[in-house]
Each structure stands twice: as structure tokens, then as C-alpha cells.
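See structure below.
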Amino acid sequence: MEGNDKSFLFSFSTLVYDFSLIKYFSPCGSQGQFPLTQNVTVVEGGTANLTCRVDQNDNTSLQWSNPAQQTLYFDDKKALRDNRIELVRASWHELSISVSDVSLSDEGQYTCSLFTMPVKTSKAFLTVLGVPEKPQITGFTSPVMEGERMQLTCKTSGSKPAADIRWFKNDKEVKDVKYLKEEDANRKTFTVSSTLDFLADRNDDGAVVSCRVDHESLNSTPQIAMQVLEIHYTPLVKIISSNSWPEEGQSIILTCESKGKPVPEPVLWTKDGGELPDPERMVVNGRVLSISFLNKTDNGTYRCEAKNPIGRNSTEYVLIVHDVFNTLLPTTVIPSLTTATVTTSVALTTSKTTSATAISTRDPNALAGKTGPDHALIGGIVAVVVFVTLCSIILLGRYLARHKGTYLTNEAKGAEDAPDADTAIINAEGSQVNAEEKKEYFI
């Protein structure tokens, strides 16, 4: 069969040579004619269309030949017995052929010849793209313990030119990766690989790691390989309280939330390092601890512990039971004074008491916190009492001083004309009656 093909090519070449001589000596040969071609890029396994055009042609023949300089078509006559090569169009102005199921070996420079004298040619380079194989991810062993180092490798072969590999974790691209390119044995295609190196974390559990291969032969539809991560880790424990300000007589619910993989076993509740002291009021239901009718003996540190085959973890909650808050304001009592006071001092005392009461009631939220003595109110009351006492002492002193001066004056007036003490006393009593009309009062 191969000898017949060679005989056929020799006979056809002789025919082409003789036909070109006829064209050469034909008076119709013209000048200014030139064939036009274009480079072609095709994906391996696809179909390549090669077209040669001549704008002005005076019935001169056109021919296509392959990189090995084998004639494929001479005008509309097929020269090479290859079922993949077909005639698309043949005329004086165009010769188009197609090559189906293109392989990498078909790549090269094809020649279109216009048989004028001299022969004019035009070159068209056929580029064949090698399609990368579907990528595969290796290096993952399930499950992975938290903190272990993971190395995932994505590899693909057969790309021409070399393909590009990108990594994604939950649709977010990972940039810090290693890239390696190697030439295949056929010296035409490449094998590329990329390695993703990271430490396993509990946040990566259930994450989807994907390896995407981009190549111009894929027509904007990249090839993707995916791997779902399974990370095992110790439980993470947290206590949630239903009451932020527990008081005596109330109830409280403590919920122990634990998250781990594998799923943690039922949690263990303790108080101050030991068992719960009052099982009747302290009821455990799964992860929930309920305490009813709170009192001061419930104060302490409550611990919730969870464990799984990887390890155990715990957290604490400090419970402080507060006194019942009394919404009534305490009554302010000002002690009565035993000293004698004048009307003015009493009015002053009343005014200060009213002011102290106003101050204590001006801010109704002052006692809305923890129960206990109001030092500001007590200080105000003490200040008022001290002030009233000082005023009373001052007024009493002035009063006594005034009366003492009057007594001495009257005594002196009675003794001026008296011959003895008895007479002086009698005169003083008589003059005291007359002095009532001249007495002055100072307040």
C-alpha cells in the first residue's frame, strides 16, 4: 500500500510539472498575482481550515503542501491519500482545504503555491494546542487533626503550551503556592503541578479546596478538581446565662454550648470543683443547668466540661446572687434638738431639711443599682444637723450675754445711794420695775 502511494505521488508530481510548463509557455501568464494565506490555531482533535486566495488570477493553478513538502491538493485534485484531508472550495481565486482530527504532529508550516513563472508562495503556520488532562488532587488523608501540616498537590499533563494552575478555598483564591513545569517525553506537551501547603485549622473543617486549570484550549471553561476538608479538633466550650443580674428568689438557666469534631459527649457540670450541692434545685438536662429559688449559698464558680476522642475543654461561670432590690426610698429622720432655739432658727432648720430631702429625691435612679447605704444622703443630713446646732449655740450665747449685762447694770444703779447691802437690794428691786419700760431687745 505504501509503494502504491509513492507511485501515485510520483505520477502526480510529473503531472503538476508538465501542467506548470504549459502555464509557463501559455500567453496568458500574467504578473502582479500573489497568493494570500493566514495562520491557523486549532485544538488537538479539532478541524483546521486552510485557505489560499488570489485576487487576480488568469487561470493559474493553486496548490497546498504540508510541512514535509508533500502536495495535499493541486487545484481540485487530491494528491495525498489521507482521509482526514478534504477539499472545501476550489476555484481560480481560492483553494480551501480542511484537516480533521488534528494531532500535534500536524503542527507546522503549510505552503500555498501559485504556479506562475516564477512560482509564488505564501506560508501559513498551523498551531496545535495540547489540551490539559483533568487535574487530580493528591496528598489528602482524611481526617486531619487540628494543627497538622497539609500538603495538597494538583497535577495535570498534556498541555501545550504549559497550563496555569490556581488554588481556591471556599471560592477565595490562595496565592502562596508552589508551581512546577516539566516537559513531556514527546517534547511537545508539558506536565504542570502546584502544591498548597498550610496548617489544618478548625475553621477549615468542611471547607472546599479546589484546583483550577486554565488554558487557552479550554475555551474559557477551566477544568476543576475539588476536595472537601475534614478537620478533627477538641471541643470549644462557652456558657450562656439567662439572667445577667440574678437576685434572691429568682431562677437562672446556664447553657453550655460545645462544638467539636467528633461531636462532644454530654457535658459535665460541677460547682467549686465538686458535685452540685443541691440536686433538687439544681437540675441538669443535657447541656442545660437550671437553678431555682436562688440564695446566697448558690454563689460560686460553675464549670462546664466537654470532651471527645481528640481531647477535652472546659469553661467557668461565676455566679453572684444579689439582694432583692427595694424600690421604696428610705425615710429620712432628723433628730430633734434639746437646746432652746428661737423662731428664726427653727425656720432655718425647716428650710435645710426641705433642701436635703429635695437633694435626695432629685435623682430617682441614684438607688437603682446595688442596695446599700447612701453616703451622700447621710452626709447631707449630718451637715444640716451640725449647721443647726452651731446656729442654736450662737443665738443662745448672744441671748445669755445680753441678759447678763442688764442684771449688772440694775445692780449698780441700786447700790449707788444705799448705805448698806439690804438697802441696795431694795432699791434695785424698785428700780427694776421702772426699767421694764426702757428694756431693749436684740435678736
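The values are calculated or read from the model by the stated rules, or taken from the named source; none is laboratory data. For clarity, every value in this text was computed on a predicted model and none was experimentally measured. Ideal geometry is used to build each Cβ from the backbone, glycine not excepted, and the neighbour counts take in all protein chains shown. Surface areas here come from the heavy atoms of the whole protein model, side chains and all, with no ligands, DNA or RNA. Shrake-Rupley method; radii C 1.70, N 1.55, O 1.52, S 1.80 Å.
Some points to look at:
One line per residue, one yes/no per condition, for (1) crowded, with 16+ Cβ neighbours inside 10 Å; (2) closer than 22 Å to V43 by Cβ:
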residue	(1), (2)
L152	yes, no
T156	yes, yes
N170	no, no
E173	no, no
V177	yes, no
K181	no, yes
A185	no, yes
T189	yes, yes
D197	no, no
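- Criterion: in contact (Cβ under 8 Å) with a residue 12 or more places away in the chain, polar (S, T, N, Q) and surrounded by 14 or more Cβ atoms within 10 Å (Cβ to Cβ) - qualifying residue of S98, S103, S142: S98
- Given (1) within 31 Å of the chain's Cα centre (by Cα); (2) part of a strand (DSSP E or B), number of the condition S142 does not satisfy: (2)
- Of all residues in segment 212-250, those being of a type in the set (G, A, S), open to solvent by 70 Å² or more (accessible area, probe 1.4 Å) and within 24 Å of V321 (Cβ to Cβ) number 2.
- When K370, K307 are checked against the criterion of being basic (K, R), within 45 Å of the chain's Cα centre (by Cα), modelled with pLDDT under 50 and closer than 26 Å to I240 by Cα, a single residue qualifies: K370.
- Of all residues in segment 112-135 being of a type in the set (D, E, K, R) and surrounded by 15 or more Cβ atoms within 10 Å (Cβ to Cβ), the one that is farthest from the chain's Cα centre (by Cα): K120
- Those residues of segment 71-95 which are in contact (Cβ under 8 Å) with a residue 60 or more places away in the chain and either open to solvent by less than 30 Å² (accessible area, probe 1.4 Å) or over 21 Å from V119 (Cβ atoms) (or both), in sequence order: T71, F74, A79, R81
- Candidates L294, L276, L289, L319 - the one that is free of Cβ contacts under 8 Å to residues at least 24 places away in the same chain and surrounded by 15 or more Cβ atoms within 10 Å (Cβ to Cβ): L276
- Residue check for V16: β-branched (V, I, T), modelled with pLDDT under 50, surrounded by 14 or more Cβ atoms within 10 Å (Cβ to Cβ) and at negative phi: yes
- Any hit, segment 114-126, residues being in contact (Cβ under 8 Å) with a residue 24 or more places away in the chain, farther than 30 Å from S96 by Cα and touching a Ser or Thr at 6+ places or on another chain (Cβ under 8 Å): no
- For segment 178-228, a tally of residues being of a type in the set (D, E) and within 23 Å of the chain's Cα centre (by Cα) returns 4.
- When segment 222-261 is filtered for residues that are under 25 Å from L289 (Cα atoms) and either of a type in the set (D, E) or not in a strand (DSSP E or B) (or both), the ones remaining, listed by number, are S242, N243, S244, W245, P246, E247, E248, G249, Q250, S251, E257.
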